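Laboratory data are not the source of any read-out in this text; all were calculated from the coordinates shown. As the structure is a prediction and not an experimental result, all values here were calculated from the model. All Cβ positions, even for glycine, are placed from backbone atoms using ideal geometry, and neighbour counts span all protein chains on display.
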Amino acid sequence: MTTAAAPPTRADLVAADAADSLAQIRGAFALPDGVIYLDGNSLGALPRATAGRVADLIDRQWGQDLIRSWNTNDWIGAPARIGAKIAPLIGAMPHEVIVADSTSVNLFKLVAGALGLRPDRRVVLTEPGNFPTDLYILQGLARLLGERVELRVRPRAELASAIGEDVAVVVLTHVHYKSAERWDMRDITTRAHAAGAVTVWDLSHSAGAVELDLNGAGVDLALGCGYKYFNGGPGAPSFVFVAERWQSALVSPLSGWMGHAAPFDFGDDYRPAGDIRAQLCGTPGMLGLTALEAGVDQFAGLNMAAVEAKGVALGEAFISLVEARCSSSGLTLASPRAPTPRGSHVSFRHPDGYAIMQALIARGVIGDFRAPDILRFGFTPLYLRFTDVWDAVEILRDVLASGEYRQPRFAERAAVT
Ligand SMILES: *Cc1c(COP(=O)(O)O)cnc(C)c1O
């Protein structure tokens, strides 16, 4: 046990903002007044540049240049171009990343492809409580492929030892969407390789928030989300990483024409591109890609170690202030206390979590709720200030102490929580 440091004062946090080398990036985002946005891990905020970029796409590129834009405005190159911009943020080479489809669809493609790399094995290993779509996609794949696949779900504590000689693919989410617990990517990948398995890492809650070194960790395949820390807008396309060594062998089950070696030859037979483009399926959606590129461009030149350090420090301040100032509130920490195994969000449990989050949102502190009892607060390093943490905790303290969350209106469930 280490003794917790004294919680910061507001003056400490003012000083932390003044010393923050990332502080000026906040100005590049259009954040509404009166809102403390602690949900950038779920839907990233709007970059100021996005509207102009999308307007240019619509008015000039689509409106004036029309179909010529595939060449003249390099629409055709957008998936690989944006992938190459994401690559240095995740420790990949530019030609190892491409943007396509949704996270759910990319998981299907990569796990199906990974099974093809291990034709004599049928086990796909993952953990319970993984993000629902990840489990659902694996269940669908297992149903589709029948005898070919055995889906094996093992609790976190037993997972490493479950990577046996019969495992084809290990599928994990690097930073857990609820607890923010972080897997040791290098350790699991090394164990998987020692057993002859390949790894698929879901980086949805990691990319853009924590420092990643996919090649340093020996990762085979990975994917992640465009609308969370990459600020690509609601439903933005996802990105895919395929290590160079797998690019000629990995076969996408969605053998659409954009993944063909020569799509404009219009031949009858599928011939995969043989590089990262084989992960493309259909025609790239330029409206979504344009907004995603503006979101990813906010990271140009940033040092991801500094980005991670700020997110961790924001989370640290939040945990110590909540525990010091909301101590009799019934909140219990659901995230790792130590910073290193944590991502950039922090979760607390409370039996009235839903109503408390609704009351917070009504007061301008936007986080989210994850059933059955998790209050989740995202600390996006690019646009949050240390003083925002102070102000959010003061509002949380007031919502809890006053009991205002007990008002019936805060118990009404909306379709999306
Ligand atoms: C957000 C998230 C997804 C989202 O998948 P979509 O296809 O974009 O809906 C998938 N997996 C994880 C782990 C996530 O956090």
Highest-fluctuation residue, Gly364, Gly208, Gly40 considered, GNM on the chain with Cα pairs under 10 Å: Gly364
Under the Debye formula (equal points on every Cα, no solvent term), log10 I(q)/I(0) of the stretch 84-233 at q = 0.10, 0.13 Å⁻¹: -0.31, -0.53
³J(HN,Hα) computed for each position of the stretch 312-319 - Karplus, 6.51 cos²θ - 1.76 cosθ + 1.60, integer Hz, glycine/proline x: 5, 5, 4, x, 4, 4, 5, 4
Nearest 10 degrees is fine. How inclined is helix 78-90 to the longest principal axis of the chain, computing both from alpha carbons? 50 degrees
Of all alpha-carbon pairs in the stretch 150-285, indicate the percentage at a distance above 26 angstrom. 32 percent
Cα→Cβ-extended label distance, 7 Å offset, between Arg148 and Asp33, nm: 5.9 nm
In Hz, Karplus ³J(HN,Hα) per residue of the stretch 198-209 (6.51, -1.76, 1.60; θ = phi - 60°; x = Gly, Pro): 10, 10, 10, 9, 8, 9, 3, 9, 10, 4, x, 10
Measure nothing fancy, just the Cα-based angle from helix 10-19's long axis to the longest principal axis of the chain, in degrees from 0 to 90, nearest 10. 40 degrees
Select from Val251, Val240, Val105 the residue whose mean-square fluctuation is largest in a Gaussian network model of the chain (Cα-Cα springs shorter than 10 Å). Val105
Estimated distance in nm for a label pair at Ala157 and Asp59, the labels positioned 7 Å out from Cα along Cα-to-Cβ: 6.1 nm
What is the gain in length, in nm to one decimal, between Ser248 and Asp373 on full extension, counting 0.36 nm per residue of separation less the C-alpha to C-alpha distance? 40.5 nm
In the stretch 74-299, what percentage of the DSSP-assigned beta bridges are antiparallel, given to the nearest 5? 40 percent
Distance from the Cα centre of the stretch 24-38 to that of the stretch 98-176, in angstrom? 37 Å
Could you sort 193-204, 228-239 so that the peptide with the highest average Cβ count within 10 Å comes first and the rest follow in order? 228-239, 193-204
Per-residue Cβ contact counts at 10 Å, fewest first, order Phe264, Phe241 as Phe264, Phe241
Bin by bin, in steps of 20 Å, what percent of the Cα pairs in the chain do you find, going until the bin that has the longest distance? 26, 55, 19, 0
In the chain, what percentage of the DSSP-assigned beta bridges are antiparallel, given to the nearest 5? 55 percent
Stokes-Einstein D for the stretch 175-225, Kirkwood Rh over Cα pairs, 20 °C, 1.002 mPa s (µm²/s): 190 µm²/s
Quick one: grab Rg to one decimal and Dmax as a whole number for the stretch 308-397, Cα atoms only, in Å. 12.0, 33
Among 146-159, 391-404, 85-98, the order from most to least packed when residues are scored by Cβ within 10 Å on average: 85-98, 391-404, 146-159
³J(HN,Hα) across the stretch 328-338 via Karplus (A = 6.51, B = -1.76, C = 1.60, θ = phi - 60°), whole Hz, x for Gly/Pro? 9, 8, x, 7, 10, 5, 10, 10, x, 6, 5
Note the full-extension length gain between Arg413 and Asp269 as 0.36 nm times their separation in residues minus their Cα-Cα distance, in nm to one decimal. 46.8 nm
Extension length gain for Ala338 and Thr133 (0.36 nm per residue less Cα distance), in nm, is 71.0 nm
What residues qualify as long-range amide H neighbours of Thr199, i.e. H under 5 Å apart, gap of 5 or more or another chain, H built at 1.01 Å from N? Val170, Asp220, Leu221
The stretch 296-335 - Rg over Rh from alpha carbon coordinates, Kirkwood radius: 1.21
Evaluate the stretch 290-356: find the radius of gyration of its Cα atoms, find its Kirkwood radius, and give the ratio Rg to Rh. 1.11
Once you place label points 7 Å from the Cα toward the Cβ at Thr9 and Arg349, how far apart are they in nm? 3.6 nm
